[in-house]
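Okay, structure first, notes after.
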Amino acid sequence: MKKTYQGSCHCGAVRFEADLDLAQGTFRCNCSICFKTRTWLAGIPASDFRLLSGEQSLGDYQFGKKRIHHRFCRNCGVRPFSQSGDQRAVRVNCLDGVDPQELISAPVKYFDMLHDNVKTPPAETRHL
Ligand SMILES: [Zn+2]
């Protein structure tokens, strides 16, 4: 069942609200940026995401094909979400007050984007 979560960066400049159901799944990925930033995301439509504050604090990092905007707080460096078109990807570890049990129980799908492979998960995922 979808719940409304409050989320934020570390310093609190960036705050958002997201309607999501962690039981519907989360994802991790082995691509260059996901690996370096230990990404753990839940994908939701933009209509289920609301930026409450911090637009002026948000940086925008893009690389490669520049399809995704990797947003980050210019003050504390935390990356609360990414955006691409009408999709948002929220860092589940930026949800405030989330019950650890919900995170433990959330299914995780692994993407092998290091090899541009959307069909099969990477052979090894323990280090991601
Ligand atoms: Zn911050």
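Things to note:
- Counting only strands (runs of 3 or more DSSP E) that fall entirely inside the range 1-102 and contain at least 2 residues that are away from the ligand (no atom under 13 Å from the Cβ) and in contact with a Ser or Thr (Cβ under 8 Å, 6 or more places away or on another chain), the qualifying elements are 15-20, 26-29, 41-45, 69-73, 87-91.
- For the range 55-62, the criterion of being modelled with pLDDT under 95, surrounded by 11 or more Cβ atoms within 10 Å (Cβ to Cβ) and of a type in the set (Phe, Trp, Tyr) is met by none of the residues.
- Taken over the range 103-128, residues that are part of a loop (DSSP other than H, G, I, E, B) and either at pLDDT below 95 or touching an Asp or Glu at 6+ places or on another chain (Cβ under 8 Å) (or both) amount to 12.
- Some residue of the range 76-92 being out of contact with any Pro (no Cβ under 9 Å at 6 or more places or on another chain) and surrounded by fewer than 12 Cβ atoms within 10 Å (Cβ to Cβ): yes
- Some residue of the range 49-64 being touching a helix residue (DSSP H, G or I) at 6+ places or on another chain (Cβ under 8 Å) and farther than 20 Å from Gly12 by Cα: yes
- Residues of the range 93-102 that turn out to be surrounded by fewer than 17 Cβ atoms within 10 Å (Cβ to Cβ) and in contact with a strand residue (DSSP E or B) (Cβ under 8 Å, 6 or more places away or on another chain), as a count: 2
The values are calculated or read from the model by the stated rules, or taken from the named source; none is laboratory data. Just so we're clear, the structure is a prediction, and the values are computed from it rather than from any experiment. Because the Cβ atoms are built from the backbone with ideal geometry, glycine has one as well, and the counts that use them run over all protein chains shown.
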